Amino acid sequence: MVITRALMEGEIDDDGRAKRTGNSLTATTHIITVVIGAGVLALAYAMAQLGWIAGIATMLAFAVISTFTYNLVADCYRFPDPVTGKRNYTYMQAVKAYLGGTMYVFCGLVQYTKLAGITVGYTITSATSLVAIKKAICFHKEGHQSYCKFSNNPFMIGFGILQIFLSQIPNFHELTWLSTIAAITSFGYAFIASGLSLSLIVSGKGQPTSITGTSIGPELSAEDKVWRVFSSLGNIALAANYSTVIFDIMDTLKSDPPENKQMKKANVMGVTAMTILFLLCSGFGYAAFGDHTPGNILTGFYEPFWLVALGNTFVVIHMIGAYQVMAQPFYRIVEMGANMVWPESDFINKEYPTKVGNIRINFNLFRLVWRTIFVILSTILAMAMPFFNEILSLLGAIGFWPLVVFFPIQMHITQRQIKKRTLKWCMFQLLSFVCFLVTVTAIAGSVHGISQDLHKYKLFSYRQ
């Protein structure tokens, strides 16, 4: 009776939760905040490999495909009817509702593998930026002809130690402040990188560029050029992907007008803004450095050293928060599984209230041991393979086809009951197959790049 009265008075929504107040504009800001991340820093390198024509065309193609498939996802927030059906709070829940248990497991494997892998990528990114700060200071003090190469390992270890402490935060919702700071800093370093690139171009110090990208010659064979192009597809795929949070965004929307209509509008506005920003960042970066565009655009600048240091500091702050945003859902699924298998175990389930100063926290032995081991393993992997572009490309490739294309299309086919071998069904399958080929080529390019780097550098001995 209380719930019915509250529902009638507009205090709660149809699922008994607090009234949602989000709209298409707030959803758009969430999308932009999510996609402005570490992947943006690799886009100039991707543009350099692809060249002006293929680079711009590829980014536009990813934008069109993403908008189309995310609009399909918008109709799957509710089941079975996109307007009046039961809400799906997570991507996996929607897949289970529309496609069943087998696809649910496959979706979970892809999603949580990507989340775990991203923690390795963020550890590499933070260390790369910290070394870039040290190099900028070194060049500023000693001159640009000085030897200023440093190991990433001490910075990765320090980052890992910090993440061990932050990982003990038991509840994802307690990370809101960290996520907010991370989002603000992500805009900071994206605009600093673009501004520094633009200043080089305006001052006449920009390098020659080409419509076909990096030139084949003594420094780059035709075969390596092809592999780099493949890997660049993964870098663009990672930057344009917000599939892991799309259901979280939809769950903030008010129900009138219907969530799917608001989300479709937000997808168009968000992806349009994202694409414009990506084209500016990648275009300015390529025009500034030409064939020698660095993998992480911020590492190509050393002056003004204070602004370079500020931009890289923003990157590190963002990575600290983003690591936890990505890791916490992975922690939670493992801990839920352990709780189901050993429900009577005090080691896994017992909470010990502890007071640190004026702050009261719940201490759990399993959480301490398991999360610490995970952070140590991700840090060791990052130290063994500190290859910024290749790792980010691999992560982008892994998530693109399954999460951005395959599941949205299959859920849409089920929802609309599209019959096999009809023209519409064939067109959907063709799109899915083409995107599958893109994912496979991007994975192949990334793995080839990692393999080459492992042969070039000794394990744990990479210096930047």
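The values are calculated or read from the model by the stated rules, or taken from the named source; none is laboratory data. Here the structure is a predicted model, which is why all the values come from computation and not from measurement. Here the Cβ is made from the backbone with ideal geometry for all residues, glycine too, and neighbour counts use every protein chain on show. These area figures cover heavy atoms from the full protein model, side chains too; ligands, DNA and RNA do not enter into them. Shrake-Rupley method; radii C 1.70, N 1.55, O 1.52, S 1.80 Å.
Farthest towards the positive end of the charge dipole of the chain, among the residues Ile161, Gln429, Thr125, is the Cα of Gln429, using unit charges on the Cβ of Lys, Arg, Asp and Glu. From most to least packed by mean Cβ count within 10 Å, the peptides 55-62, 262-269 give 262-269, 55-62.
Taken over region 262-394, the alpha-carbon convex hull comes to 222 cubic angstrom per residue. Whole-percent P(r), region 125-228, all Cα pairs, 5 Å bins from 0: 2, 8, 9, 12, 16, 19, 14, 9, 6, 4, 1. Where in the chain is the longest stretch that carries no GluC sites (Glu not before Pro) classed as loop by DSSP and with at most 13 other Cβ atoms within 10 Å? Here the longest segment lacking exposed loop sites spans 12-218. Building the convex hull from the alpha-carbon atoms of region 78-118 and averaging its projection over directions returns 3.0 nm². P(r) for region 393-458, from all Cα pairs and a bin width of 10 Å, is 21, 37, 22, 13, 6, 1 %, short bins first.
What is the magnitude of the charge dipole of region 75-201 about its Cα centre, with +1 placed on the Cβ of each Lys and Arg, -1 on the Cβ of each Asp and Glu, and no other charges, expressed in debye to the nearest 20?
Charge dipole of region 75-201: 120 debye, to the nearest 20.
Under 5 Å from the amide H of Phe150 lie the amide H atoms of Gln464, each residue being 5 or more positions distant or on a separate chain, with H modelled from the backbone and absent for Pro and chain starts. With the simple spin-label model, which puts each label point 7 Å out from Cα in the Cβ direction, the Ile216 to Thr29 separation comes to 5.0 nm. Taking a point 7 Å from the Cα of Lys19 along the Cα-to-Cβ direction, the residues of region 244-275 with backbone N closer than 19 Å to it are 251-259. For region 199-211, putting each phi into the Karplus relation 6.51 cos²θ - 1.76 cosθ + 1.60 with θ = phi - 60° gives couplings of 5, 5, 5, 5, 7, x, 9, x, 9, x, 10, 9, 6 Hz, in residue order, rounded to whole numbers and with x for Gly and Pro. When you restrict to C-alpha pairs under 8 Å that are six or more residues apart and normalise by the size of the chain, the relative contact order lands at 33 percent.
Over region 211-321, the Kirkwood radius and the radius of gyration, each from Cα atoms, give a ratio Rg/Rh of 1.08. The H on the amide N of Lys86, modeled in the peptide plane, is under 5 Å from the matching H of Phe79, Asp81, each at least 5 residues off or on a different chain. Each residue of region 285-302 was assigned a 3J(HN,Hα) from its phi angle through the Karplus curve 6.51 cos²θ - 1.76 cosθ + 1.60 (θ = phi - 60°); the sequence is x, 5, 5, 6, 10, x, 4, 9, 4, x, x, 10, 4, 5, 6, x, 10, 10 Hz, with glycine and proline shown as x. Which Cα, out of Leu395, Ile409, Ala384, lies furthest along the positive dipole direction of region 344-421 (beta carbon charges, K/R +1, D/E -1)? Value: Ile409. Packing, taken as the mean count of other beta carbons within 10 Å per residue, orders the peptides 229-235, 134-140, 317-323 from highest to lowest as 229-235, 317-323, 134-140. Here's how it looks for Phe363: its modeled amide H is under 5 Å from those of Tyr352, Thr354, which are all 5 or more places away or on a different chain. Take every pair of alpha-carbon atoms less than 8 Å apart whose residues are at least six positions apart; their mean separation over the length of region 329-464 yields a relative contact order of 23 percent. Packing here is the average count of other Cβ atoms within 10 Å per residue, and on that basis the peptides 401-410, 271-280, highest first, run 401-410, 271-280. I want to make sure I understand the PRE zone here: with the label point 7 angstrom from the Cα of Tyr457 toward its beta carbon, which residues in region 124-147 have backbone N atoms less than 17 Å away? Within reach of a label on Tyr457, which here means backbone N under 17 Å from a point 7 Å along Cα→Cβ, region 124-147 contributes 124-136.
For region 25-93, take the alpha-carbon Rg, divide it by the Kirkwood Rh, and send me Rg/Rh. Here the Rg-to-Rh quotient is 1.11. The string of couplings for region 440-452 from the Karplus curve (6.51, -1.76, 1.60, θ = phi - 60°) is 4, 5, 5, 5, 4, x, 5, 5, 4, x, 5, 4, 4 Hz, one whole number per residue in order, with x for Gly and Pro.
The slack between Thr113 and Leu307, meaning 0.36 nm per residue of separation minus the straight C-alpha distance, is 66.3 nm. Solvent exposure of the chain amounts to 46 Å² per residue of accessible area, where only protein heavy atoms count and the probe is 1.4 Å.
Dipole size of region 18-96 about its Cα centre, with +1 on Lys/Arg Cβ and -1 on Asp/Glu Cβ: approximately 400 debye, rounded to the nearest 20. When the convex hull of its Cα atoms is viewed from all sides, the chain shows a mean projected area of 25.7 nm². Put a plus charge on the Cβ of each Lys and Arg, a minus charge on the Cβ of each Asp and Glu, and nothing anywhere else: the dipole of the chain about its Cα centre is then about 320 debye. Evaluate 2.2 N^0.38 Å with N set to the residue count of region 146-285, then give the Cα radius of gyration divided by it. The value comes to 1.43.
Dividing the summed helix terms, -39500 (n - 2.57) for each DSSP H run of n ≥ 4, by the number of residues in the chain produces a 222 nm estimate of -23000 deg cm²/dmol to the nearest 500.
Quarter the surface of the alpha carbon convex hull of region 89-180 and you get the mean projected area, 9.0 square nanometres.
Secondary structure note: in the chain, about 90% of the DSSP beta bridges are antiparallel.
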